Each structure stands twice: as structure tokens, then as C-alpha cells.
Amino acid sequence: MRLYLIRHAESENNILTEETVHRRKVDPDLTPLGYQQRDLLARHIATATDAVGESYPITHLYTSAMYRALLTTAPLSEALSLKPLVWPDLHEKGGMFLQQNGQISGFNGMSRSAILDKFPGYQLPQDLSDHGWYEAAMGREPETHSFYRAIKVARELRGRSASDDVIALVSHAGFLDVLLKAIFEQLPARPYTMRYFHENTAITRINYQGTCPTLHYLNRVDHLPAKLRSF
């Protein structure tokens with residue numbers, strides 16, 4: 001099995017500074033730069049070769065249920081002629097929350113009908129309802145819960161490791177960090193003692209030999225000119 005991990009394109013939250021962080025959105029849109037990045041990503045994966053000179057014969061496309069990931073996946077889906085499957089466990093660390101005046105509020109995320117209205121070709125898990133996909137009562141997701149999700153996803157991937165599948169996951173910088181640690185059995189870990197870094201629309205490739213994962217490359221953004229790269 002071959003696995004590509006892809007970070008979403010630049011979101012409105014990615015460009016916030018210490019002075020503007022109060023404008024943080026629960027489920028932000030992409031920036032104008034982000035829309036350029038996602039289109040270049042899709043064109044690259046559909047027409048070019050990867051960092052080891054091989055094409056991207058992707059057979060399965062999965063995306064986080066967060067809006068910025070759903071948007072990043074759309075041109076990929078069209079370019080690859082694949083219907084993406086929404087995988088809620090791929091969401092960013094922390095989940096759907098806002099912190100204002102010292103208080104943390106959780107939110108449910110996009111509902112089933114809202115996702116299907118905006119992204120009609122996407123496939124949704126049966127348990128994603130019109131209540132939304134995130135447990136708002138959790139508020140801000142604890143770090144240990146993100147570890148649990150990462151280990152869960154890594155185990156599901158390992159269960160398919162003997163297949164000929166070529167899988168692409170569109171996710172988030174924080175979660176891709178802990179997912180890589182889960183894949184390579186580096187969890188639990190103290191936050192940010194080390195980190196797997198991903199710029200916007202960066203691509204990481206892992207191959208499985210049996211159940212053994214091999215990292216072929218990390219954080220490749222060859223598809224973006226220098227002026228369009230961001231974190």
C-alpha cells in the first residue's frame with residue numbers, strides 16, 4: 001500500500017497574527033492564496049510525478065470534515081475522478097471550538113445536509129448526521145484524545161497495508177504530526193518535543209512493506225512556486 005498525507009491549503013486562520021487572533025473562526029474558509037494552492041496541488045497530482053519520479057495512481061481519497069479540508073479536496077476529486085470519503089477522525093487537533101474571554105465553547109461542525117449541499121459528490125459515513133460530526137460538549141479536544149484518534153487511524157491504515165491501494169488523506173498540520181507519530185509508534189509523546197512539519201498543501205509519502213511503514217519523503221511542496229508557499 002502507498003499512502004499520501006496532504007495538508008489543506010491556506011485557511012483564513014493560518015494568516016492570523018497575535019494582533020488578529022481574536023478573529024479566529026471555528027471552521028474557516030480558504031484564503032485567495034489557498035484557492036491557488038489547492039488548484040496547483042490538484043494539477044500536480046493529476047499530471048506530474050512525485051518526488052521519487054512516480055505518478056500518483058490514487059485509488060482512495062479521504063478528507064477531514066473541516067471546511068478547509070473539504071474545499072482543498074474538491075479539485076483533487078475532480079482531477080482524479082474519485083468521490084472523496086469524509087473521515088471525521090482526520091480533523092485538526094483541538095476540534096471545533098472557540099476561546100473567548102477565557103471561556104471555551106464547542107461546536108458541532110457541518111451537518112450531513114450542509115456537506116452534501118456544498119459538496120454533492122462526497123461520500124459520508126452513516127453516523128454523520130444533521131447534528132454535525134463533532135461532539136460539541138467536548139469543547140476543545142484534549143491532546144490525549146488526538147493521540148487516540150491518530151492511533152485509531154494508523155491501525156485502520158495498517159489493516160490495509162497488504163493491499164494495492166494508493167490512499168490520499170487530506171488533513172491538518174497538527175493532526176498529520178500526531179498521525180505520523182502513531183504510524184511510526186512514537187506515541188504517546190509530549191507535545192512539540194519534536195514535530196513533523198507540513199506547509200500548506202504539502203505532500204508526505206509512506207509505503208508499507210507488509211505492515212512495516214517506510215517514509216519516502218516529508219513536506220514536499222514542489223508543486224508551488226516559492227511566492228505561493230505558506231504555513
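The values are calculated or read from the model by the stated rules, or taken from the named source; none is laboratory data. Note that the structure is predicted; figures quoted are calculated from it, not measured. Note: ideal-geometry Cβ built from the backbone for every residue, glycine included; neighbour counts use all protein chains shown. Note: accessible area is taken over every heavy atom of the protein model, side chains too, but ligands, DNA and RNA are not part of it. Shrake-Rupley method; radii C 1.70, N 1.55, O 1.52, S 1.80 Å.
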Using a cut-off of 13 Å between alpha-carbon atoms, which aspartates and glutamates can reach residue 25, once sequence neighbours fewer than 8 places away in the same chain are excluded?
12
Holding the Cα-Cα limit at 22 Å, pick out from 93/118; 93/152; 83/118 the pairs that are longer than that.
93/118
Could you tell me the ratio Rg/Rh of region 86-152? Both radii from Cα atoms, Rh via Kirkwood.
1.01
Within the chain, what's the longest stretch lacking trypsin sites (Lys or Arg not before Pro) that sit in DSSP loops with no more than 16 other Cβ atoms inside 10 Å?
26-139
Difference of contour (0.36 nm per residue) and Cα-Cα distance, residue 118 to residue 104:
2.2 nm
Amide hydrogen neighbours beyond the local backbone of residue 85, cut-off 5 Å, H modeled
61, 62, 63, 123
What is the sum of charges around residue 25, taking Lys and Arg as +1, Asp and Glu as -1, for the other residues whose C-beta is under 14 Å from the C-beta of residue 25?
-2
Relative contact order for the chain: what is it in percent, counting Cα pairs under 8 Å that are at least 6 residues apart?
29
Asserting the computed 222 nm helical MRE of the chain (DSSP H runs at least 4 long, -39500 (n - 2.57) per run, divided by residue count, to nearest 500) equals -8500 deg cm²/dmol
Carbon/sulfur fraction of accessible area - region 150-231, other protein chains in place, 1.4 Å, %:
51
In Å, what is the Rg of the alpha-carbon atoms in region 117-194, and how long is Dmax?
14.8, 41
Give the calculated FRET efficiency between residue 136 and residue 192 to the nearest 0.05, with a Förster radius of 22 Å applied to their Cβ-Cβ distance.
0.25
What is the calculated FRET efficiency for residue 231 to residue 143, with r their C-beta to C-beta distance and R₀ = 22 Å, to the nearest 0.05?
0.60
As an exercise, identify the chymotrypsin sites (Phe, Trp or Tyr not before Pro) in region 140-194 lying in DSSP coil whose Cβ has no more than 10 other Cβ atoms within 10 Å.
192
In region 4-157, what is the volume of the convex hull around the alpha carbon atoms, normalised per residue and reported in Å³?
135
Counting only DSSP beta bridges with both residues in the chain, tell me the antiparallel percent, nearest 5.
55
So how much slack lies between residue 162 and residue 111, counting 0.36 nm per residue of separation and subtracting their Cα-Cα distance, in nm?
14.9 nm
Report in % the part of the accessible area of region 1-147 that belongs to carbon and sulfur, leaving out ligands and nucleic acids; probe 1.4 Å.
48
Can you give me the distance in nm between label points at residue 127 and residue 20, each placed 7 Å from the Cα along the Cα-to-Cβ direction?
3.8
Intensity falloff of region 34-103 expressed as log10 I(q)/I(0), Debye formula with alpha-carbon point scatterers, at q = 0.24 Å⁻¹
-1.09
Using a 10 Å Cβ count of at most 10 others and DSSP loop calls, identify the longest part of the chain lacking such GluC sites (Glu not before Pro).
20-184
